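**Q** Pasting a structure below so you can have a look.
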Amino acid sequence: MIVILLGMPGSGKGTQSKLLSEKYGFKHLSTGDIFRGEMAAKSPLGLKASEYVKSGKLVPDNLVTEMVAGKLEFDGASYLLDGFPRNLEQARALGGFLASHQVPFIVIFLNLTREEVLKRLTARRVCLACGEVYNLTTRPPAVEGKCDKCQGAVIQRDDDTEATVRKRLMVFEDLTQPLVAYYKGEGVFREVDAAQGPEQVASALAVVLDSTMAGK
Ligand SMILES: [Zn+2]
C-alpha cells in the first residue's frame with residue numbers, strides 16, 4: 001500500500017511522516033532525499049536531473065515520477081510518499097503507474113487554514129550557526145535572539161516573512177487544489193485537521209489509516 005501525505009506549509013508533514021513510518025513500518029520516500037541521492041550517485045536519472053537543476057530549471061514531471069517510481073518495490077512493502085506528487089501531471093503519472101501494478105493507495109491531506117499557516121510560519125526562527133529551528137509561539141529560545149544549543153544568532157529567514165509565506169501559500173494552493181479535486185474524484189482522499197498538537201494529529205492519522213487498512 002502507498003500512503004501519499006499532502007500537507008499545507010507548516011502542517012508538520014515532516015514530523016508526521018517520521019511518526020507514521022515508525023508506527024506502521026512504512027518506507028518513507030521524500031522527493032528531496034531521492035533527488036539528492038540520485039544526483040550524488042550520478043545515476044542516469046540523477047545526471048539528467050542535475051542538468052535541469054544546474055541551469056536553474058524545474059525538473060520535468062516525467063523525470064520526477066520516474067525517479068520516485070524507481071524506488072518502489074512491489075514485494076509487499078508499504079510506502080509513505082512525502083513531497084510527491086506535487087501537481088496534477090505527477091499525480092496522473094503516478095496513478096497510472098500504481099494502477100498498472102495494482103497497488104492500492106490513499107491520500108491524506110494535513111489541512112490548515114491560511115491564517116494558521118501564516119501564524120505558524122511567521123513565528124519560525126532559525127539559528128544562523130547550527131540551523132536549530134525555533135518557534136516564537138511554541139518553542140522560543142530561552143534568551144531572545146540567542147540559540148539554546150550554541151549561542152548563535154537566532155533570526156527570521158526571508159522565507160518566513162509574511163510576504164514570502166503568502167506567496168508560498170498561493171503557489172501551493174495553485175498546485176494543490178487540482179490535486180485535491182483529482183483525488184476526491186478518485187475516492188481516495190482523506191483529510192486531517194493539522195491545527196492541533198502533533199500528538200493529536202498523529203492519533204487522527206492513525207484513525208484514518210487503521211480504518212483504511214481494515215477495509216482492505
Ligand atoms: Zn545554534
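The values are calculated or read from the model by the stated rules, or taken from the named source; none is laboratory data. Predicted model only: the values in this text are computed from it and were never measured. Heads up, the Cβs are rebuilt from the backbone with ideal geometry, glycines too, and the neighbour counts pull from every protein chain shown. Protein only, heavy atoms only, side chains kept; ligands, DNA and RNA dropped before computing areas. Shrake-Rupley method; radii C 1.70, N 1.55, O 1.52, S 1.80 Å.
**Q** Is it the case, given these coordinates, that K48 is in contact with a helix residue (DSSP H, G or I) (Cβ under 9 Å, 6 or more places away or on another chain), surrounded by 14 or more Cβ atoms within 10 Å (Cβ to Cβ) and at pLDDT 90 or above?
**A** yes
**Q** Shifting gears a bit: Within the range 155-189, which residues are open to solvent by less than 60 Å² (accessible area, probe 1.4 Å), in contact (Cβ under 8 Å) with a residue 12 or more places away in the chain and among the polar types (S, T, N, Q)?
**A** Matches in the range 155-189: T161, T176.
**Q** Can you pull out the residues in the range 98-112 that are at pLDDT below 95 and buried (at least 16 other Cβ atoms within 10 Å of the Cβ)?
**A** L98, F105
**Q** Just the residues that are closer than 28 Å to L121 by Cα and without any contact (Cβ under 8 Å) to a residue 60 or more places away in the chain, please, taken from the range 190-216.
**A** Correct list: Q196, G197, E199, Q200, S203, A204, V207.
**Q** What residue, of K23, K54, K13, K71, is open to solvent by 20 Å² or more (accessible area, probe 1.4 Å) and either touching a Ser or Thr at 6+ places or on another chain (Cβ under 8 Å) or free of Cβ contacts under 8 Å to residues at least 40 places away in the same chain (or both)?
**A** K54
**Q** Among (1) open to solvent by 60 Å² or more (accessible area, probe 1.4 Å); (2) among the acidic types (D, E); (3) within 16 Å of the ligand (Cβ to nearest atom), there is one condition E115 misses while meeting the rest; what is its number?
**A** Only one criterion is unmet by E115, namely (3).
**Q** What is the one condition in (1) within 27 Å of Y183 (Cα to Cα); (2) in contact (Cβ under 8 Å) with a residue 40 or more places away in the chain that A93 does not satisfy?
**A** The number of the failed condition is (2).
**Q** If you don't mind, there's one more thing I want to ask. Looking only at the range 125-138, count how many residues are away from the ligand (no atom under 14 Å from the Cβ) and open to solvent by 60 Å² or more (accessible area, probe 1.4 Å).
**A** Of the residues in the range 125-138, 3 are away from the ligand (no atom under 14 Å from the Cβ) and open to solvent by 60 Å² or more (accessible area, probe 1.4 Å).
**Q** Looking only at strands (runs of 3 or more DSSP E) that lie completely in the range 114-216, which have at least 1 residues being modelled with pLDDT under 95?
**A** 124-127, 133-135
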